[in-house]
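Contents: one structure, followed by commentary.
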Amino acid sequence: MATSLPESGAEASAMSTVDQAAIVLLSMGEEPAAAVLRCLEREDLLLVTQAMSAMSGIKVDAARGALQRFFDDYREQSGLHGASRTFLKNSLDLALGSSISSSVLTRIYGDAIRPKMARLQWASPRWVADRIAQEHVHMQAVFLAFLPPAMASEVIASLPEEGRDELIVRVAQLGHVEHRLLQEVEVLADACLQSLETQSATIEGVKHAADILNRLPGDKARMVEQLRERDATVAGQIERSMYDFFILSRQSEEVLLRILEVVPMDEWAIALKGGDSDVRRALMACMPQRQVKTFQDAIRRTGPVAARRVEEARATIMREVKALADAGTIEVQLYAEATVE
């Protein structure tokens, strides 16, 4: 759906800042707009590019109003521009020497590698982990310290479990980072970015095959058996992916009630620990109010549960679901069907 834009210059000032930014970027041309986009944080980039892609038939007055607002804001800034990084570096090199000037510039500008590290947040955490796995733990710690925390945690989770505690301690111990080490981290970041530009696409083959199989007409159980004859391991992986625990959130009330009859409440209490709230909501929506309270009490009583035990409980429930489906007792919706209004 195209973004609805105001038709007059006066109304243009009422546009969201994201829409105004989108108009300014669209007016710049590809290369200047790309230079600006490289400076944005991930969430801001997603917001503004989504707004850019949604715009259609921008009125002249709307564009003029957004651009006028931009230049008005620009003129409000001081006419005296601060020194560029190059100017300061050359001046400080002459005054203090290159090693000291680098340290001073690091304090002024933060560091030269942060924008490069921000670009790495678009890479797969597993891919980044593979690139730094052979580096010294101190180098890994500095590298991770420059990544956004959410990304850094996913990268650590993708590294071998042994040594994660030391790595986190090293990150916590970081304070002043020597210029030499910063240069090494920047070289590593450059290498990652260069590899990222030529990175091949990653496809979740098993999940994709399961989605295809779910949509094929005919006897799916027979198809799985045929796959098992060809490759039992792959067939098992596809079958598990077809009966993922989280498909329960899209089942009908009739199907969920039948599943609730055969699965003990204690098993549900474990399986829903840290689970998708959509599954919990779907289950409670089809329960009588009295049973909902019992259900919630059972979850609270269970307390903290090991992740392994949660996965075991989910697997047990899905085996029951598959058995009911194989017996023809229930009809399971294995994929999200497209809907129209």
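Couple of notes before you dig in:
- When every residue of segment 36-43 is checked against the conditions, none turns out to be at pLDDT 75 or above, over 25 Å from PRO148 (Cα atoms) and either surrounded by 14 or more Cβ atoms within 10 Å (Cβ to Cβ) or not acidic (Asp, Glu) (or both).
- Scanning segment 26-54 for residues that are in contact (Cβ under 8 Å) with a residue 12 or more places away in the chain and under 25 Å from the mean Cα position of the chain (by Cα) yields LEU37, ARG38, CYS39, GLU41, ARG42, LEU47, VAL48, THR49, ALA51, MET52, ALA54.
- Those helices (runs of 4 or more DSSP H) lying entirely in segment 135-179 with at least 2 residues over 21 Å from ARG119 (Cβ atoms), touching a residue at least 12 places away in the same chain (Cβ under 8 Å) and within 25 Å of the chain's Cα centre (by Cα): 164-173
- Test: residue in segment 69-85 that is surrounded by 14 or more Cβ atoms within 10 Å (Cβ to Cβ), modelled with pLDDT of 60 or more and outside the structural domain of LEU193 (by TED's automatic domain parsing): yes
- Residue selected from segment 121-134 under the condition hydrophobic (A, V, I, L, M, F, W, C) and closer than 27 Å to LEU40 by Cβ, by the criterion farthest from the chain's Cα centre (by Cα): ILE132
For (1) more than 32 Å from the chain's Cα centre (by Cα); (2) among the hydrophobic types (A, V, I, L, M, F, W, C), each residue gets a yes or a no:
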| position | (1), (2) |
| --- | --- |
| MET287 | yes, yes |
| LYS293 | yes, no |
| ARG309 | no, no |
| ARG314 | no, no |
| VAL321 | no, yes |
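- Subset of segment 228-240 that is in contact (Cβ under 8 Å) with a residue 12 or more places away in the chain and in contact with a Leu (Cβ under 8 Å, 6 or more places away or on another chain) - its residue that is surrounded by the fewest Cβ atoms within 10 Å (Cβ to Cβ): VAL234
- ASP219 at pLDDT below 85 and within 24 Å of the chain's Cα centre (by Cα): no
- Qualifying residue in segment 298-315 (condition: surrounded by 17 or more Cβ atoms within 10 Å (Cβ to Cβ) and under 24 Å from ALA209 (Cα atoms)): yes
The values are calculated or read from the model by the stated rules, or taken from the named source; none is laboratory data. If you're wondering where the values come from, they're calculated on a predicted model, not measured in any experiment. Positions of Cβ are generated from backbone atoms using ideal geometry, with glycine treated the same way; all protein chains shown enter the neighbour counts.
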